[in-house]
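Each remark here refers to the structure printed beneath this line.
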Amino acid sequence: MNILLINADQLRHDCVGYRGLRGVKTPNLDALARESIVFEDAYTPLPVCSPARQSLLCGRRPDSIGAQWNYDFMPTPELDPSICWPGELKQSGWNTGYIGRFHVSATRTPADFGYQSTVRLSEYRAFAAEKYPDVKYEGGWLGCESPIPVEGSETHWLAGRAGEMIRSFAAEGRPWHLWVDYEVPHLPCRPSAPFSRMYNPDDIEPWDGWGDEFRLKPYIHRQQTLSWDTAKYEWKDFQPMVARYYGWITQLDDAIGRILSALRETGQYDDTAILFTSDHGDMCASHSMLDKHYVLYDDIIRIPLVAKIPGAKPRVSHEFVMNCLDIPASIRKWAGLAGEPMRHGRPLPETAEEEPGAADVLVTSNGQQFGLYTTRALRTRTHKYVWNLTDVDELYDLTLDPGEKHNRIADPAYAELLKAMRERLYERLIETGDRFAGSQWMKRQLLEGRKHVPVERI
């Protein structure tokens, strides 16, 4: 078996065609999904770029290794390659390759983690600078149409290198693993024509989270709209950006189709485990916000995940899974690697009988762009509790309020549920060695309810 991992950057769970939720066209991913296990309830353990990737490399929760924000914004502990699975694959005789932006370490390269063949995103940027020296972008963080033609775009240039590497691996005849890590559709969205013009902005409907008045919510939520200068935006101001976001996703899908074609051309498609996922989602105008950080809305913590596994029957799974923790556990299983004692994930269930029916999923997040802020969340099928250590907590009834616009934290009707969710969150945090939950001062917030109860604020 070979293992191909394709990771998108900042792709929402509801913006892939096979989900049938937003009208985004992804024909190649749709075809892959029909042959795969589609995990519709997949989440990221931390919705920030570097921590998610560091977690994916080692299978541990980001906060447990000190990866609480992007290392290139504020220094964080270096990830230890010896606890990561790619090096073990190499030692076991696998060919290993990495293509894309290695947003993992300030000092270490993919080779330090066991990747023998690499194509860095910096190589594409050097190519683009030489071939298209006069390119200028407009639109700031809201993006624009790229003046670079599709064939010279990042998506398709990287797909070309991936095809070359797949063909090279096929010629050697050894099992291989390739990680293709895209920086798309991360803002600013800059798709090339015709993808940049594929979606009519006027046809794009608001997200469930649009129209949030931030009543009884933490200060940082409203502040994020001020920091990004979107507080006064109407939906029509966001629609062109969302249309470009859609277009870039379809352009990415087209590039992925070329990678999958290389597998078919070399006769390796049926013998390769293909994993497609994203590090996290994108607010993309939901709650009037852009990007991620601070918040724990499903817009950014819920992600797409499909797994085409040789021998496994295609199906749709509603099991709670965490991509950055469970993918490493699966790879260890498929490659016959020894169990890593500190891992926090479990192999993805390949049959319905393997699904343990977990009752909740824990997500941790730390923001950094405009000031340190730390949160923890427990999500069940019907509710989400967010522990904001230095501000008002959040409680959402996802059945009545899928857009998470109404904070029920002060509603007496939810008092018993709140108490139970706080206790369960505390248990889960202690299981993974969370230092905040273990503090004698901080744990009282969860176990004794020592939290400020909000009142109406302007």
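The values are calculated or read from the model by the stated rules, or taken from the named source; none is laboratory data. Note that the structure is predicted; figures quoted are calculated from it, not measured. Glycine gets a Cβ as well: all are built from the backbone with ideal geometry, and neighbour counts include every protein chain shown. Ligands, DNA and RNA are stripped out before the accessible areas are found, and what is left, the full protein with its side chains, is counted by its heavy atoms. Shrake-Rupley method; radii C 1.70, N 1.55, O 1.52, S 1.80 Å.
Numbers for the structure displayed
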| item | result |
| --- | --- |
| Folded to 0 to 90 degrees: helix 49-58 orientation relative to the chain principal axis, Cα | 70 degrees |
| Per-residue ³J(HN,Hα) for segment 348-365, Karplus 6.51 cos²θ - 1.76 cosθ + 1.60, θ = phi - 60°, Hz, x for Gly and Pro | 4, x, 8, 9, 4, 5, 7, 7, x, x, 4, 8, 8, 9, 9, 10, 10, 8 |
| Length-normalised contact order for segment 222-364 - Cα pairs under 8 Å, 6+ apart - percent | 19 percent |
| Hz values of 3J(HN,Hα) by residue in segment 273-289 - Karplus curve (6.51, -1.76, 1.60), Gly and Pro given as x | 6, 10, 10, 10, 7, 9, 5, 5, x, 8, 4, 6, 5, 4, 6, 6, 10 |
| Net charge over other residues, Cβ less than 9 angstrom from the Cβ of residue 408 (K, R count +1; D, E count -1) | -4 |
| Residues whose placed amide H lies under 5 Å from that of residue 278, excluding near-sequence neighbours | 8 |
| Theoretical gain in end-to-end length, residue 233 to residue 440 [0.36 nm per residue, Cα-Cα removed] | 70.2 nm |
| Hz values of 3J(HN,Hα) by residue in segment 112-120 - Karplus curve (6.51, -1.76, 1.60), Gly and Pro given as x | 5, 9, x, 8, 7, 10, 9, 10, 8 |
| Span from the segment 37-66 Cα centroid across to the segment 292-306 one, whole angstrom | 11 Å |
| With at most 10 neighbouring Cβ atoms within 10 Å, loop trypsin sites (Lys or Arg not before Pro) (DSSP) excluded, longest segment of the chain | 233-458 |
| Relative contact order [Cα under 8 Å, 6+ residues apart], segment 1-126, whole percent | 15 percent |
| Accessible-area composition of the chain, carbon plus sulfur, in percent [1.4 Å probe] | 50 percent |
| Accessible solvent surface per residue of the chain, calculated while the other protein chains remain in place, 1.4 angstrom probe, Å² | 39 Å² |
| The chain: relative contact order as a whole-number percent, Cα under 8 Å and 6+ apart | 25 percent |
| Distance (nanometres) between label positions extended 7 Å along Cα→Cβ at residue 70 and residue 261 | 3.3 nm |
| Pairs from 333/443; 25/313; 313/405; 333/384; 236/384 whose Cα-Cα separation, in the structure shown, is over 27 Å | 333/443; 313/405; 333/384; 236/384 |
